[in-house]
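Below is one structure, written out as structure tokens; comments come after it.
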Amino acid sequence: MMQRIFLYIDGSPAAHRAGAWVIRQAKEWRSRIYVLAVVDTAAIAAAARRTRRPRSKLRGEWEEIGWRNLYEIEDDAFEAEVKVSLIMEEGSSLQRIAELAKSYEADLVVVGYDPKVDLDKLAARCPCSLAVIK
Amino acid sequence: MERISELLARENILLELRSKEKIEVIRELAQLLIDKGLIDSADDFFKAILKRENLESTGIGHGVAIPHARTKSVKNLILAFGRSEAGIDFSSLDGKPSHLVFLIAAPEDQKSEYILTLARLSKLLRQDDLRNQLLSAQAPAEIITVISKAEG
């Protein structure tokens with residue numbers, strides 16, 4: 001039984017659909033959702049080079065967006081009466097998903113489909129089943 | 001959106017919470033807002049806050065908790081702050097007690113402002129310097145000043 005579902009969100013439409021799917025499933029399975037947002041340091045570094053804006057400023061903006069995404073999902077989960085925990089992390093998204101899914105003993109990891117993400121790599125690192133929502 | 005430092009009034013700040021347990025802490029902070037007439041129905045308000053506490057941990061780690069709810073019992077977004085030297089168990093995922101507690105309530109139809117306020121506050125409170133300054137502040141006015149400076 002999927003008691004602990006680990007949802008990674010990045011603000012994308014696919015992640016939003018993944019969130020809706022997870023909440024529906026969690027309600028049916030009576031699971032707890034752990035929602036993860038990651039301030040991806042490599043992406044920030046690339047954006048800083050591209051935009052010539054300070055990393056610290058970009059980091060603050062991206063973290064706030066991450067928290068907004070987390071609280072949006074939390075509010076939806078609350079309306080559905082689904083138990084939820086929020087996690088904000090920093091680093092490599094792929095790495096943090098796998099590490100935290102292991103740390104929290106996730107039964108299922110759910111992500112929104114992103115063509116830039118190496119799903120084979122994520123699946124290989126995941127300690128449990130992986131669902132990708134388009 | 002109003003700044004966090006503008007939403008937080010001096011009289012809604014407790015430098016040392018008397019309560020030692022999560023639910024009682026929430027009641028203690030809510031009482032500040034009730035006494036000022038900012039909450040129409042204390043019962044409805046508590047139901048909303050406690051319902052959320054039963055479903056999730058509002059402890060976000062690093063010694064911080066942000067109990068929050070949208071409810072018909074408030075007309076505007078309101079904020080209270082309390083500090084506990086001993087720490088309160090808010091079931092944070094990092095297992096640490098919460099020493100800084102921010103209570104947020106918003107009207108049901110102000111979801112955007114509510115989410116934005118939660119996000120901004122959560123982001124600010126991940127700064128070690130800010131948390132340390134809040135822990136060592138000597139007066140409610142200093143709490144507000146520290147937050148205002150962190151907001152930039």
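The values are calculated or read from the model by the stated rules, or taken from the named source; none is laboratory data. This one's a predicted model, so the numbers in the text were calculated from it and none came from an experiment. Cβ atoms come from the backbone with ideal geometry, glycine included; neighbour counts cover every protein chain shown. SASA here: full protein model, heavy atoms, side chains in, ligands and nucleic acids out. Shrake-Rupley method; radii C 1.70, N 1.55, O 1.52, S 1.80 Å.
One table, with the values for the structure above:
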| quantity | calculated |
| --- | --- |
| Chain A: angle of helix A:41-51 to the longest principal axis, Cα-based, in degrees nearest 10 | 40 degrees |
| Degrees between helix A:55-79 axis and first principal axis of chain A (Cα, 0 to 90, nearest 10) | 20 degrees |
| Protein accessible area in the stretch A:38-134, 1.4 Å probe - carbon and sulfur % | 47 percent |
| Solvent-accessible surface (1.4 angstrom probe) belonging to A:Phe78, in square angstrom, nearest 10 | 30 Å² |
| Modelled FRET efficiency - R0 25 Å, B:Glu142 with B:Glu2, Cβ distances, 0.05 increments | 0.80 |
| Close Lys-Lys pairs in chain A, where close means Cα under 22 Å and separation is 8 or more or interchain | 6 |
| Listing of the stretch B:114-152 residues, each with accessible area lower by at least 50 Å² in the full protein assembly than in the chain alone (probe 1.4 Å) | B:Ile115, B:Ala119, B:Lys123, B:Arg126 |
| Helix A:13-29 vs. chain A, principal-axis angle (Cα, 0 to 90°, nearest 10) | 20 degrees |
| Top positive-direction residue, dipole computed over the protein assembly as shown with Cβ charges, set B:Leu103, B:Leu7, A:Ile97 | A:Ile97 |
| Ranked order, A:Glu81, A:Glu64 - accessible area, probe 1.4 Å, largest first | A:Glu81, A:Glu64 |
| Burial ranking of peptide ranges A:26-34, A:117-125, B:57-65 (average Cβ count within 10 Å, highest at the top) | B:57-65, A:26-34, A:117-125 |
| Solvent exposure ordering (accessible area, 1.4 Å, most first) of B:Met1, A:Met1, A:Met88 | A:Met1, B:Met1, A:Met88 |
| Backbone HN-Hα couplings from phi across the stretch B:68-77 [Karplus 6.51/-1.76/1.60, Hz, Gly and Pro as x] | 7, 6, 9, 8, 6, 7, 10, 9, 9, 5 |
| Charge-dipole axis of the stretch A:1-72 as Lys and Arg at +1 and Asp and Glu at -1 on Cβ define it, positive-most pick from A:Gln25, A:Ala37, A:Thr51 | A:Thr51 |
| Loop-resident sites, the stretch B:61-123, for GluC sites (Glu not before Pro), counting at most 13 other Cβ within 10 Å (DSSP) | B:Glu108 |
| Solvent exposure of chain B as accessible area per residue, Å², 1.4 Å probe | 44 Å² |
| Charge dipole (debye, nearest 20) of the protein assembly as shown; +1 at Cβ of Lys and Arg, -1 at Cβ of Asp and Glu | 760 debye |
| Residues of the stretch B:1-45 with amide N under 17 Å of the 7 Å Cα→Cβ point at B:Lys75 | B:33-42, B:45 |
| Percent carbon-and-sulfur accessible area, chain B, ignoring ligands, DNA and RNA, probe 1.4 Å | 45 percent |
| Summed buried accessible surface, chains A and B, 1.4 Å probe, nearest 100 Å² | 2100 Å² |
| Per residue accessible area of chain A, 1.4 Å probe, in Å² | 52 Å² |
| Dipole magnitude of the stretch A:32-90 about its Cα centre (Cβ charges: Lys, Arg +1; Asp, Glu -1), debye to nearest 20 | 680 debye |
